[in-house]
Amino acid sequence: MKTRESVIEVSRLRRRYGPAGGTGFEAVREIGFEVRRGEVFALLGAEGAGKTSTVELLAGLAPPTGGRVTVFGHDPYTGRKAVRPRIGVMPREDGLPSGLTAAETAAMWAGCTSGARPVDEALALVELVDRRDVRVERLSGGERRRLGLALALLGRPEVLLLDEPTAGLDPWARHTTWDLVRRLRAEGTTVVLTTRRPEEAEALADRLAILRGGRIVAEGAPSGVLAAYPSRIRFAMPPGWFVGDLPPLAALGVLDHRELPDGTGRVELSTRELQRTLTGLLLWAREQSVELEGLDARTASLEEAFPRIAGPGAAGSP
C-alpha cells in the first residue's frame, strides 16, 4: 500500500538561542520526523521540551541553527512566499489587539489573507459568534485562545500548526476544540499540534513525537508507543483471601503485582496479555464462588506512561 505523501520533513533539526558555549541554550537538538498529508501529528512534552521552538521553525518564523526542515518541499523560512499562503499558525502567545472586537480582529486578519473565509464563518468554527462584538480585552483567556484558532483557520489552510491550542480552556471548550480538529482532519487538513497533555495527544494524534530536553525520546502511533508498557488489573481480594491464594500469576501472564498504597487493600496486577490474565482471573473467581470487588482492567494509557518516558526520572533524562 502506498504511503501518504509527506508534507513536512524534518532532519537533524537544531535551534540554539544565544552564542555557542556555556552562555547559549540548545532548545532543539537534532530531531527528525515527517508529517503525512491529512494526519494529526502531536509534539508532546513538558514545559521547556522544545515544542514551541520546533513549531516556530516549521512556520518559518526563524531559521534553524542546523539541520533541515521543508514544508511542501520548500524551506519555510527562505521560501515563505510559497509556504505561508498554504498554512495556518496559532502561536502560543496570541498578541491580539486589545482595543478591537473579536469580529474586527478577524476582519483585519482576513484583509491580509488570500481567499479568506467570511469572518462569522471563522468565528462559528470556534463558537465565538455570540462574542463577535466584544473587545479582545474583555474576552476570557480561553476565548482569546479560541479567537487565535479562528484566525489560523481564516485562510482555509492545508497545514495547520497549533501551539498549545487548548491551554487555558475549560473542559467543554477543550473537547469542542478536539471535535474541530477531528473535523478538519476528516476534511483533509494536516494538523501539527503541541501539547503538555498526554490524554490530548492520545485522543487526537494519528502519530506523535515525545520531546524531552529538545530531543525526541519516543515516536510513532500512540498504540505503538504504549506497546512497551503493560496493562493493569486492579481489584480487592475477597475477605479472608490473599494474593497467594490466586492461581500462579506467572501462568496467567502477570509480570508484577503489588498492593495499592491507598489503604484500600486492593491489589494491582501488571500484564502484557490483558485478555489472557483477566480470563484466568475471572475463571478462578467463578470456581471459588467469590467476587473481586472494584474490578478495573485497562490497557496502558499515554497519561500513565508519559512520566516514565519524558519525566525528570526517565532514563537518559538531562
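Listing for the model above:
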item	result
So residue 133, is it open to solvent by 10 Å² or more (accessible area, probe 1.4 Å) and at pLDDT 95 or above	yes
Some residue of the stretch 174-187 being of a type outside the set (Phe, Trp, Tyr), surrounded by fewer than 18 Cβ atoms within 10 Å (Cβ to Cβ) and over 21 Å from the mean Cα position of the chain (by Cα)	no
Checklist (1) closer than 23 Å to residue 152 by Cα; (2) of a type outside the set (A, V, I, L, M); (3) assigned to a strand (DSSP E or B) applied to residue 32, failing item	(1)
Unique residue being outside any helix (DSSP H, G or I), among the hydroxyl-bearing types (Ser, Thr, Tyr) and within 25 Å of residue 310 (Cβ to Cβ) when the list is 11, 98, 53	11
Residue 236 being farther than 30 Å from residue 195 by Cβ and open to solvent by less than 30 Å² (accessible area, probe 1.4 Å)	yes
Residues located in the stretch 56-85, provided they are crowded, with 17+ Cβ neighbours inside 10 Å and touching a Phe, Trp or Tyr at 6+ places or on another chain (Cβ under 7 Å)	60, 83
Selected residue (only one of 140, 114 is modelled with pLDDT under 95, of a type in the set (Ser, Thr, Tyr) and within 15 Å of residue 89 (Cα to Cα))	114
Residue match in the stretch 300-315 (condition: assigned to a strand (DSSP E or B), open to solvent by 40 Å² or more (accessible area, probe 1.4 Å) and without any contact (Cβ under 8 Å) to a residue 60 or more places away in the chain)	no
Some residue of the stretch 231-248 being in contact with a Ser or Thr (Cβ under 6 Å, 6 or more places away or on another chain), under 30 Å from residue 33 (Cα atoms) and part of a loop (DSSP other than H, G, I, E, B)	no
Test: residue in the stretch 258-274 that is in contact (Cβ under 8 Å) with a residue 12 or more places away in the chain, of a type in the set (Gly, Ala, Ser) and open to solvent by less than 20 Å² (accessible area, probe 1.4 Å)	no
Subset of the stretch 103-114 [open to solvent by less than 60 Å² (accessible area, probe 1.4 Å) and either part of a loop (DSSP other than H, G, I, E, B) or in contact (Cβ under 8 Å) with a residue 24 or more places away in the chain (or both)]	103, 105, 106, 110, 113
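The values are calculated or read from the model by the stated rules, or taken from the named source; none is laboratory data. Note that the structure is a prediction, hence the values are computed from the model and not measured. Cβ coordinates were reconstructed from backbone atoms using ideal geometry, including for glycine residues, and neighbour counts include every protein chain displayed. Quick note on the areas: whole protein, heavy atoms, side chains included, nothing else; ligands and nucleic acids left out. Shrake-Rupley method; radii C 1.70, N 1.55, O 1.52, S 1.80 Å.
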